[in-house]
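Take a look at the structure set out below.
The values are calculated or read from the model by the stated rules, or taken from the named source; none is laboratory data. It should be emphasised that the depicted structure is a prediction, and the values quoted were computed from it without experimental measurement. So basically every Cβ, Gly included, is an ideal-geometry build from the backbone, and we count neighbours across all protein chains shown. Just so you know, the surface numbers come from the protein's heavy atoms only, side chains and all, with ligands and any DNA or RNA stripped out. Shrake-Rupley method; radii C 1.70, N 1.55, O 1.52, S 1.80 Å.
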Amino acid sequence: MYIYLDIFIVINFILNGIILYLTAYLNNIPCNFYRLIIANIFSVLYLIIGLVFNNQLFFHPLIKFIISLGLIFILFGKKKVRNFLMLVGTFYFISFLLGGAIFGYLFMLDYQPIGWLASKNQFYLSFTQLVCGVSIGIIIILFIFRSIAVARKEKNSFQKITVVYQNKSISVMTLIDTGNRLYTMQGHYPVILIEKNVLLPLFPKSVIDFLNNNSSLEWISRLEQNLDDVWCKRLFFVPYKSLGGKHILLAFHPDAIMIGDNLTAISKVAIGIHEEAFSEFGQYQGLLHPDIK
């Protein structure tokens, strides 16, 4: 089998650079250009020495693993053990996925490299095939990590809260809404928006009937109906603007709310009653004010 050393060096240099750069990019770590070059040179020297001496020890899995640790250390320097292992895991994930993408692309072309390797100990790969395979691999890697990042961001944006009112309590999954800037005029309390149907178990029957039998546009104008006195004394009228113009939101003052597993009660807050569901699939039932922590 013939190996053109110059082409071999260039290809490995480029591929190693791509893998190391993606490792840094996907972990949100700035990639130092000079460290990247040094790590690439270190990797290429290891491969050249292994080929020149033709010693299988150089390509033992343990030696390869040690070399990969060296590459990560050269590029990123000293890190905490957990962070370092995360970088190593990302490095191998990218390496395996890029290799799989190249073989997958070849199989799509009805090319059979496994058979060649088994029968003749040779594997022919054109530059075009390499570029296409690597490009597909990079697209897949970025798509996977972007999907994971979006899912993680959404998960971190949700917060479970407990609302307490008149010796009753409910648990509500809320979405932290950074665009929520609603405050009550009296007391300047931040306003949490929660779906009406979720809040109903907290209220007496007269309030439940009132909210169900009237639309949200009629709630304020029909407050003269025979309602619970305690509830009425806790009401706030919160003005706000939307695409449809200026409106007034009906809100009430709960006894307290609690965030997540934190048992510390927060009393300086208002709950805005929202008639419609926020989420089509029910992932959350309220919008949490960003100032409430």
Exercise for review: Estimate the FRET efficiency between L85 and M108 by the formula 1/(1 + (r/R0)^6), using the beta-carbon distance for r and 41 Å for R0, to the nearest 0.05.
Suggested key: 0.75
Exercise for review: Run a plain Debye calculation on region 190-234 (Cα atoms as equal point scatterers, no solvent) and give log10 I(q)/I(0) at q = 0.17 Å⁻¹, rounded to two decimals, same order as the q list.
Suggested key: -0.49
Exercise for review: Any chance you could run the full-extension gain for S135 through I14? It's 0.36 nm times the residue separation minus the Cα-Cα distance, nm to one decimal.
Suggested key: 42.3 nm
Point to revise | Among the listed pairs K168/K205; K233/K268; K160/K268; K246/K268; K160/K293; K168/K233, those beyond 20 Å (Cα-Cα) | key: K246/K268
Revision key, fill the gap. Unit-weight point scatterers at every alpha-carbon of region 1-109, Debye formula, q = 0.13, 0.15, 0.17, 0.24 1/Å: log10 I(q)/I(0) is -0.52, -0.69, -0.88, -1.44
Study note, to complete from the structure: Applied in sequence order to region 179-187, the curve 6.51 cos²θ - 1.76 cosθ + 1.60 (Karplus, θ = phi - 60°) yields integer Hz couplings, x standing for Gly and Pro, of x, 7, 10, 8, 9, 6, 6, 8, x
Check your understanding: So, in nm, how far is label A256 from label I144 when the simple model puts each one 7 Å beyond its Cα toward the Cβ?
Key -> 4.7 nm
Check your understanding: Over region 156-231, what relative contact order in percent results from Cα pairs under 8 Å that are six or more residues apart?
Key -> 21 percent
Point to revise | Along each principal axis, Cα extent of the chain, largest first, Å | key: 93, 43, 32
Check your understanding: For the pair F158 and K64, how long in nm is the line joining their label points, each one 7 Å along Cα→Cβ?
Key -> 3.9 nm
Revision key, fill the gap. Expressed in square angstrom to the nearest 10, the accessible area of H253 with a 1.4 Å probe stands at 50 Å²
Study note, to complete from the structure: Given a 1.4 Å probe, the accessible area of the chain per residue, as a whole number of Å², is 63 Å²
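What length, rounded to one decimal in nm, is gained on full extension from I37 through to S216, with 0.36 nm per residue of separation minus their alpha-carbon distance?
Numbers: separation 179, 0.36 × 179 = 64.44 nm, distance 6.36 nm.
Working it through step by step, the gained length comes to 58.1 nm.
Arranged from highest to lowest average of other beta-carbon atoms within 10 Å per residue, in what order do the peptides 278-291, 77-90 appear? Show your work: numbers first, answer last.
Details: 278-291: 16.4, 77-90: 13.1.
Those peptides, ordered most packed to least, come out 278-291, 77-90.
Roughly to the nearest percent, how much of the accessible area of region 146-268 is carbon and sulfur, given a 1.4 Å probe? Working shown, then result.
Working: 3940 of 7530 Å².
That fraction is 52 percent.
Checking the a/c ratio against 1.5 first, then a/b against b/c, what shape does the Cα gyration tensor give for region 203-266? Numbers along the way, then the final one.
Details: a/c = 2.31, a/b = 1.26, b/c = 1.83.
Oblate.
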Point to revise | Compactness of region 151-293, expressed as Rg and Dmax over alpha-carbon positions, Å | key: 14.6, 47
Check your understanding: Cα convex hull of region 160-199: mean projected area in nm², to one decimal?
Key -> 3.6 nm²
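At a threshold of 8 angstrom on Cα-Cα distance, excluding pairs fewer than six apart, so keeping six or more, what relative contact order does the chain reach in percent? Mind dumping the intermediate values first?
Working: 350 pairs, mean separation 47.9, N = 293.
Computed value for the chain: 16 percent relative contact order.
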